[in-house]
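Engineer: My questions all concern the structure below.
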Amino acid sequence: LDGIFSKPVPLTDLLDPARRGRLAEDLPTFGTRMQLLIDSQPVLHPERHSGTLRQVLKWYCEDEAAAGFFPPWHYLLNDLLRYHRALAIRYQWSWRDDLSRWRLLKVKEAHSRLLNIAGLLLLLGRFSSQLAESPVAADQAGNALDSLEDRLRLTPLERVTGTLAGTAPSRAARVLAAAGQLSGWLADPAWVKELTAGSGPELAASPLLDTARTAGRQIRAEVAGFLRDQQGSWPEEFLDAVML
């Protein structure tokens, strides 16, 4: 087994207040905390999974020391962007470790990894908008957090298309079509075998990889376009924080 969930991480580590803001935190703990919110789904004990999601979400969004200075979504957004860029660097340079897997990783980056990040990013945008509508009401802030928690049960693709469909159904349809193409290719053993064949300098020159990355760019363009369209609708502070 490999991947961030291949080894258990104590819940006490995930929820330790002293770990907030620690850039040198070990990767398994940081990565597990992020992946729980990004795309985790329960295999057993859904109520325990739901409770863990709630606790991790509150760990990010209910920091009493920062209350009134940073909005509740601020820390989670920063960690999400940090995680996204760390993955991007890994995928850019992973050819040095395993040339045969590099193309496959690049396709996954254009597909599931992009949807993972975009899904939580869009949920945070909706969360920020709900908070802006009732910034001083503690009970309304709690309702917004409850709503965010409920949407965490959606898959990344459902999060993206569900958010876009409200005001930009054509964008949602294009994302769904591009994601469907990528899923179909990745589910085809012959396609994956052809994609990963070869080695050396010619590895980057692949019509299949180019086609897959074009589909990924379609997803990225639709999400980025939707975010630009939210000027004047979502809080300016949130949209600015996404860009810079």
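Engineer: Go through segment 57-119 and name the GluC sites (Glu not before Pro) that are in a DSSP coil and have 14 or fewer other Cβ atoms within 10 Å of their Cβ.
Structural biologist: Values: sites: Glu62, Glu64, Glu109; in loops: Glu62.
Passing sites in segment 57-119 are Glu62.
Engineer: What translational diffusion coefficient, in µm²/s and rounded to a whole number, does the Stokes-Einstein relation yield for segment 1-115 at 4 °C and a viscosity of 1.567 mPa s, taking the hydrodynamic radius as the Kirkwood radius over Cα pairs?
Structural biologist: On the way: Rh = 15.8 Å.
The Stokes-Einstein estimate is 82 µm²/s.
Engineer: Sequence gap of 8 or more, or different chains, plus Cα separation below 28 Å: how many lysine pairs satisfy both in the chain?
Structural biologist: Working: Lys7/Lys58; Lys7/Lys106; Lys7/Lys108; Lys106/Lys193; Lys108/Lys193.
So the count works out to 5.
Engineer: Which of the listed residues, Ala165, Ser6, Pro72, is farthest toward the dipole's positive end in the chain, when Lys, Arg count +1 and Asp, Glu count -1 at the beta-carbon?
Structural biologist: With unit charges placed on the Cβ atoms, the residue in question is Ser6.
Engineer: Where does helix 169-186 land angle-wise versus the long Cα axis of the chain, in degrees 0 to 90, nearest 10?
Structural biologist: On a 0 to 90 degree scale, this one is about 50.
Engineer: Right, something else. By per-residue mean of other Cβ atoms within 10 Å, what is the highest-first order of 145-155, 114-124, 231-241?
Structural biologist: Numbers: 145-155: 16.6, 114-124: 24.4, 231-241: 14.0.
The densest-packed peptide leads the list: 114-124, 145-155, 231-241.
Engineer: Percent of Cα-Cα pairs more than 23 Å apart in segment 80-243, please.
Structural biologist: On the way: 6073 of 13366 pairs.
The calculated P(r) of segment 80-243 puts 45 percent of pairs beyond 23 Å.
Engineer: Divide by every residue of the chain the summed helix terms, -39500 (n - 2.57) for each DSSP H run of at least 4, and state the resulting mean residue ellipticity at 222 nm, rounded to the nearest 500 deg cm²/dmol. Walk me through the numbers before you get to the answer.
Structural biologist: Numbers: 12 runs with 166 residues, N = 244.
Value at 222 nm, helices only, nearest 500: -22000 deg cm²/dmol.
Engineer: Could the peptides 171-182, 77-88 be put in order, highest first, of the mean number of other beta-carbon atoms found within 10 Å of their residues? Walk me through the numbers on the way to the answer.
Structural biologist: Numbers: 171-182: 18.8, 77-88: 16.2.
Top of the packing list down: 171-182, 77-88.
Engineer: Can you tell which of Leu208, Gly125, Leu152 lies farthest toward the positive end of the dipole of the chain, using +1 and -1 charges on the Cβ of basic and acidic side chains (Lys, Arg; Asp, Glu)?
Structural biologist: So the residue furthest toward the plus end is Leu208.
Engineer: Working from Cα positions, state the angle (0 to 90°, nearest 10) between the long axis of helix 114-133 and the longest principal axis of the chain.
Structural biologist: Between the helix axis and the principal axis of the chain, the angle is about 20 degrees.
Where a number appears in this text, it was derived from the coordinates with a stated rule and is not lab data. Since the model is a prediction, treat every value here as computed from it, not as a measurement. Note that each Cβ is placed from the backbone with ideal geometry, even for glycine, and that neighbours are counted across all protein chains shown.
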